[in-house]
Amino acid sequence: MCAQIKPTRMELTRLKSRLQTAERGHKLLKDKRDEMVRRFMIYIKKNRTLREEIETRLTEALQRFSVAESRMGEDLVTEALLCPAKSTDITVDKANIMSVDVPKLKYEESGKAPQLPYGFSFTSGELDQSVLDIAELMPLLIELAEVEKTCNLLADEIEKTRRRVNALEHVMIPETKKNIKYIMMRLEENERGTTTRLMKVKDMMLKDG
């Protein structure tokens, strides 16, 4: 690389400016990476908490559902759940975290329909409770989807930023410093050569005089 560098003062000035920009960018990218990692860990913790709560409550609801199905029969359970109790809307928006666009999901229940889509004549209490429990889990499931997608997007951006930081730290900055050192050495050599020639010319002029 050094062989392709022109050992001139103009090139030296350009490389010094480039080095300052690279070091400034390196610091900014490191700060960005550290902050993203901090926020990523917050979302990871939130994701774990949500998932554990959902898995626990969903397991209990499905156990009740299994009991109801064994008592009522599969056909009667299917018939009871054919019609939805209510309609729901999910609004998709986005937020910005450290220049990363992440989803923001808003769960809304529309209408004032009853919680259960059937009458109580031929259904069991286990089915009622399991349906209510699963309905209560819907907002948490939507939130979990939002948090998990945010974790994935942040993880991708952290990896990209890490690569940029490493490229600056281990390639561009050391290479630029090496080229600056090379040019300075060549300029010093040229100056010493010029000084030597001038001294010789001076000696020759003195002898001629």
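The values are calculated or read from the model by the stated rules, or taken from the named source; none is laboratory data. Here the structure is a predicted model, which is why all the values come from computation and not from measurement. Here Cβ is always computed from backbone atoms with ideal geometry, including for glycine, and neighbour counts include all displayed protein chains. To get the accessible areas, we keep the full protein, side chains included, count just its heavy atoms, and leave off ligands, DNA and RNA. Shrake-Rupley method; radii C 1.70, N 1.55, O 1.52, S 1.80 Å.
Cut-off 18 Å, label point 7 angstrom out along Cα-to-Cβ of Arg197: give me the residues of the stretch 151-182 whose amide nitrogen falls inside.
Correct set: none at all.
Using the heavy atoms of the protein chains alone and a 1.4 angstrom probe, what is the accessible area of the stretch 9-196 per residue in square angstrom? Could the numbers behind the result be given before it?
On the way: 12280 Å² over 188 residues.
The answer is 65 Å² per residue.
Would you list which lysines come within 18 Å of Lys86, measuring only between C-alpha atoms, while excluding same-chain residues fewer than 8 positions from it?
In chain and number order, the partners are Lys106, Lys112.
Would you work out the relative contact order for the stretch 9-196, in percent, from Cα pairs under 8 angstrom that are 6 or more residues apart? Before the final figure, lay out each step's value.
Numbers: 161 pairs, mean separation 65.8, N = 188.
Relative contact order, the stretch 9-196: 35 percent.
What does the extension gain come out to for Met205 and Glu109, with contour length at 0.36 nm per residue minus their alpha carbon separation?
Details: separation 96, 0.36 × 96 = 34.56 nm, distance 10.07 nm.
Length difference between fully extended and current span is 24.5 nm.
Let me have the 222 nm mean residue ellipticity of the chain computed from DSSP H runs of 4+ only, each contributing -39500 (n - 2.57), with the sum over all residues rounded to the nearest 500. Walk me through the intermediate numbers first.
On the way: 4 runs with 150 residues, N = 209.
So the calculated ellipticity at 222 nm is -26500 deg cm²/dmol.
Rank Asp34, Asp89, Asp128 by mean-square fluctuation in a GNM of the chain with C-alpha springs under 10 angstrom and give only the top-ranked residue.
Greatest mean-square fluctuation among the candidates belongs to Asp89.
With springs only between Cα atoms under 10 Å apart, run a GNM on the chain and tell me which of Met184, Met172, Met199 wobbles the most.
Met199
Mind putting a number on the dipole of the stretch 9-196 about its Cα centre? Charges go on the C-beta only, +1 for Lys and Arg and -1 for Asp and Glu, and I need it in Debye to the nearest 20. List each step's numbers first, then the result.
On the way: 33 positive and 33 negative charges, 431 e Å.
Charge dipole of the stretch 9-196: 2080 debye, to the nearest 20.
Of Lys104/Lys160; Lys6/Lys160; Lys16/Lys200; Lys32/Lys104; Lys16/Lys202; Lys30/Lys178, which sit over 28 Å apart, Cα to Cα?
Lys6/Lys160; Lys16/Lys200; Lys16/Lys202
Within the chain, what whole-number % of the accessible surface is contributed by carbon and sulfur, with the 1.4 Å probe and all protein chains included in the calculation? Please list the in-between numbers first.
Details: 8050 of 14490 Å².
Carbon and sulfur together cover 56 percent of it.
Taking Cα extents along the principal axes in Å straight from the coordinates, which label in [x] 46, 36, 34; [y] 51, 31, 30; [z] 129, 30, 23 is the correct one?
Answer label, from the structure shown: [z].
So how far apart, in nm, are the two label points at Gln129 and Thr91 if each is 7 Å from Cα heading toward Cβ?
Label at Gln129, label at Thr91, 3.6 nm between them.
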